[in-house]
Amino acid sequence: MPANTMSKAERDQSHAHSQASRVFDLSQHSLRELNEALHKLTPGPNETAWEVLNPKGSHSVAVGVDQPVSIDVRGSVGYYCAGMNDGAAITVHGSAGPGVGENMMSGSIVIKGDASQYAGATGRGGLLVIEGNASSRCGISMKGIDIVVHGNIGHMSAFMAQSGNLVVLGDAGDALGDSIYEARLFVRGKVESLGADCIAKEMRPEHLELVQGLLDKAGVIGVKASEFKRYGSARKLYNFNIDNADAY
Amino acid sequence: MCGIVGLFLKDKALEPKLGAMLSEMLVSLSDRGPDSAGIAIYGAATGNEAKITVQSPKPDSDFRGLDAELAKAIGAPVSVAVKSTHAVIRTTPDKVDTAREALQTLRPNIRIMGAGEAVEIYKEVGLPEAVVDRFDVRSMTGTHGIGHTRMATESAVTTMGAHPFSTGADQCLVHNGSLSNHNNMRRELIRDGMKFETENDTEVAAAYLSNRMAHGKNLGEALEGTLSDLDGFFTFVVGTKNGFGVVRDPIACKPAVMAETDQYVAFGSEYRALTKLPGIDNARVWEPEPATVYFWEH
């Protein structure tokens, strides 16, 4: 079963088997050794559970993993953690620096703390869950990824977002969804301001179902899909029209 | 890129370790900027002594006999403590301006890094590790300090182009980013009496803050002014005699992480810089908001 269809309970269960996991201590081994070991995994890997200790803000932890393994990172990471993830279930038990999960293809990434700017940028698939807050440019240019943020997101989030879903339980900063295409944005709290061509839209039954499904996948309890407002594209800036010049 | 750090101690027990802690923070960010590095450390001001940190390309000849010659020229006691290419000149607070003028005549090659009652500034071309070793920064004590490792974009890689920049007594600033209206702002500040040593954009930001504080603003108000008056990308970390401040431009693309415990407030361009601080695992760690001024004072 590909990791991106694993439920929260299944993910937790796989993480509970950590006694059997392969432990990689970054205070003893280099980051390159870790990433090379992960890249050597072939389909049907025997080592399905990995644990990374002492990341201490390291950059590029567990980038480019393309097998359905689970990776628990114990501590906070720097830039580009779990970038290009394709199928792995990666959990950071700490906070993440800029660009976490950049260009994720499939799988899941859970950040137990906060995420810095451009979390999930250009992501094409999979699920990124941020249990704390995300800062500016969350989901910038997203292309199919689903992002669930338990807290708030910063300014310019979902800028030029093309497809996928961004679900925010808290508030959104300035210029949400500026120049957005067909991504769907769902915000439960206050939106500081909407960007160019981004408008509030009606929550239809299919959106309630979609949001509920994402909340369930992200392990969110006690929050109802009906508490969210939907935002998306007014579709006025797709093609240049001189009458809309002021909006660019 | 560039990497910046700052550390403001609340717990006096950590003061003997300030230099070591700040050095560790700066060295951890070496790959954000290999061109040059600098550090400003604030010791406790005694009120009856001022310090001028100077640098010379020929320290052997320039610093030899300087104490006696300068004492004679200004008519006050002077001590000179040499550290590699830098020296800290100590004299009475009322003689600082006279001493600066006298230095121009006595030692025309000497460049002034900064002056005040509390601050000492050390900066040179090279990696943070080399700069920290050269000036034995790890052994320094103090109440707060800031540091910078530079990847140059706006002006040449020289000692004078390294950060921190100091443009007022006990004031200094480090910067990650680049300013686009620095030439205009420099002209405005020159008209208002500010003096500049370089063509560097960051020096303009430092002088802007010094100028506003000279006009009666406090550190927080001066930092607030950068948001409307300076154009470009910036994360600034600023030190004053008893304070420490942080501000990011509204776009906030230059990274910043802060941590606070009962013992200290710390700033780093990245979390990596904070990982060796005591109690960091239980610290409050957050990313400073865009266009928001943070400052602490003793």
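The values are calculated or read from the model by the stated rules, or taken from the named source; none is laboratory data. Only a predicted model underlies this, so the values are computations on that prediction, with no experimental measurement involved. Note that we place each Cβ from the backbone using ideal geometry, even for glycine, and neighbour counts take in every protein chain shown.
Is it the case, given these coordinates, that B:Phe196 is buried (at least 19 other Cβ atoms within 10 Å of the Cβ) and of a type in the set (A, V, I, L, M, F, W, C)?
Details: buried (at least 19 other Cβ atoms within 10 Å of the Cβ): no; of a type in the set (A, V, I, L, M, F, W, C): yes.
Criteria not met by B:Phe196.
For region B:187-298, which fully contained strands (runs of 3 or more DSSP E) count at least 1 residues that are more than 14 Å from every other protein chain (Cβ to nearest Cβ)? Write out each step before concluding.
Numbers: elements: B:232-239, B:243-248, B:257-260, B:264-268, B:284-286, B:294-297.
Where strands (runs of 3 or more DSSP E) fall fully within region B:187-298 and carry at least 1 residues being more than 14 Å from every other protein chain (Cβ to nearest Cβ), they are B:232-239, B:243-248, B:257-260, B:264-268, B:294-297.
If you check B:Ala37, B:Ala87, B:Ala73 for being in the same structural domain as B:Pro108 (by TED's automatic domain parsing) and either closer than 23 Å to B:Thr158 by Cα or at pLDDT below 95 (or both), only one passes: B:Ala87.
When region A:91-108 is filtered for residues that are away from chain B (no Cβ under 14 Å) and small (Gly, Ala, Ser), the ones remaining, listed by number, are A:Gly101, A:Ser106, A:Gly107, A:Ser108. When region A:123-148 is limited to residues that are within 14 Å of another protein chain (Cβ to nearest Cβ) and in a strand (DSSP E or B), the one that is surrounded by the most Cβ atoms within 10 Å (Cβ to Cβ) turns out to be A:Ala134. With the requirement that a residue be at positive phi, of a type in the set (A, V, I, L, M) and within 14 Å of chain B (Cβ to nearest Cβ), what does region A:20-65 give you? If the condition is that a residue be at positive phi, of a type in the set (A, V, I, L, M) and within 14 Å of chain B (Cβ to nearest Cβ), then no residue fits. Residues in region B:30-47 that are of a type in the set (A, V, I, L, M) and surrounded by 24 or more Cβ atoms within 10 Å (Cβ to Cβ): B:Ala37, B:Ile39, B:Ala40, B:Ile41.
The residues of region A:40-49 that are more than 21 Å from A:Asn103 (Cβ to Cβ) and crowded, with 16+ Cβ neighbours inside 10 Å, listed by number, are A:Thr48, A:Ala49.
Scanning region B:128-153 for residues that are more than 19 Å from B:Ile89 (Cβ to Cβ) and buried (at least 18 other Cβ atoms within 10 Å of the Cβ) yields B:Pro128, B:Val131, B:Val132, B:Thr143, B:His144, B:Gly145, B:Ile146, B:Gly147, B:His148, B:Thr149, B:Arg150. Of all residues in region A:151-172, those being surrounded by fewer than 22 Cβ atoms within 10 Å (Cβ to Cβ) and of a type outside the set (A, V, I, L, M, F, W, C) number 5. A:Ala119 satisfies every condition listed in (1) over 17 Å from B:Ala256 (Cα atoms); (2) hydrophobic (A, V, I, L, M, F, W, C); (3) in a loop (DSSP other than H, G, I, E, B) except (1). Scanning region A:50-66 for residues being surrounded by fewer than 18 Cβ atoms within 10 Å (Cβ to Cβ), touching a Leu at 6+ places or on another chain (Cβ under 7 Å) and assigned to a loop (DSSP other than H, G, I, E, B) gives a total of 1.
Residue under question is A:Ile180, and the condition is that it be part of a strand (DSSP E or B), aliphatic (A, V, I, L, M) and modelled with pLDDT of 95 or more; does it hold?
Working: part of a strand (DSSP E or B): no; aliphatic (A, V, I, L, M): yes; modelled with pLDDT of 95 or more: yes.
Taking the combined requirement at face value, the residue does not satisfy it.
Just so you know, in region B:239-298 the residues that are among the acidic types (Asp, Glu) and under 26 Å from A:Gly99 (Cβ atoms) include one that is surrounded by the fewest Cβ atoms within 10 Å (Cβ to Cβ), and it is B:Asp281.
Tell me the strands (runs of 3 or more DSSP E) entirely within region B:8-123 that contain at least 3 residues that are within 30 Å of B:Ala259 (Cβ to Cβ). Walk me through it before giving the result.
Working: elements: B:36-42, B:50-55, B:79-83, B:86-91, B:111-116.
By residue number, B:36-42, B:111-116.
Looking at region A:111-140, I want the residues that are over 14 Å from A:Tyr79 (Cβ atoms) and have a partner that is basic (Lys, Arg) and in a loop (DSSP other than H, G, I, E, B) with Cβ atoms under 7 Å, at least 6 apart or on another chain. Which pairs are those? Note: pairs meeting the criteria are A:Glu131/A:Lys112. Among the numbered conditions (1) among the small types (Gly, Ala, Ser); (2) farther than 19 Å from B:Gly225 by Cβ; (3) loosely packed, with under 15 Cβ neighbours inside 10 Å; (4) touching an Asp or Glu at 6+ places or on another chain (Cβ under 7 Å), the only one that B:Ser180 does not meet is (2).
From the list B:Ala130, B:Ala152, pick out the single residue that is of a type in the set (A, V, I, L, M, F, W, C) and in a loop (DSSP other than H, G, I, E, B).
Of B:Ala130, B:Ala152, the one residue that is of a type in the set (A, V, I, L, M, F, W, C) and in a loop (DSSP other than H, G, I, E, B) is B:Ala152.
Scanning region A:80-99 for residues that are under 19 Å from B:Met258 (Cα atoms) and either touching a strand residue (DSSP E or B) at 6+ places or on another chain (Cβ under 8 Å) or surrounded by fewer than 24 Cβ atoms within 10 Å (Cβ to Cβ) (or both) yields A:His93, A:Gly94, A:Ser95, A:Ala96, A:Gly97, A:Pro98.
Which of (1) part of a loop (DSSP other than H, G, I, E, B); (2) closer than 19 Å to A:Val149 by Cα; (3) more than 14 Å from chain B (Cβ to nearest Cβ) is the odd one out, the single condition A:Tyr80 does not satisfy? Just one mismatch for A:Tyr80, condition (3).
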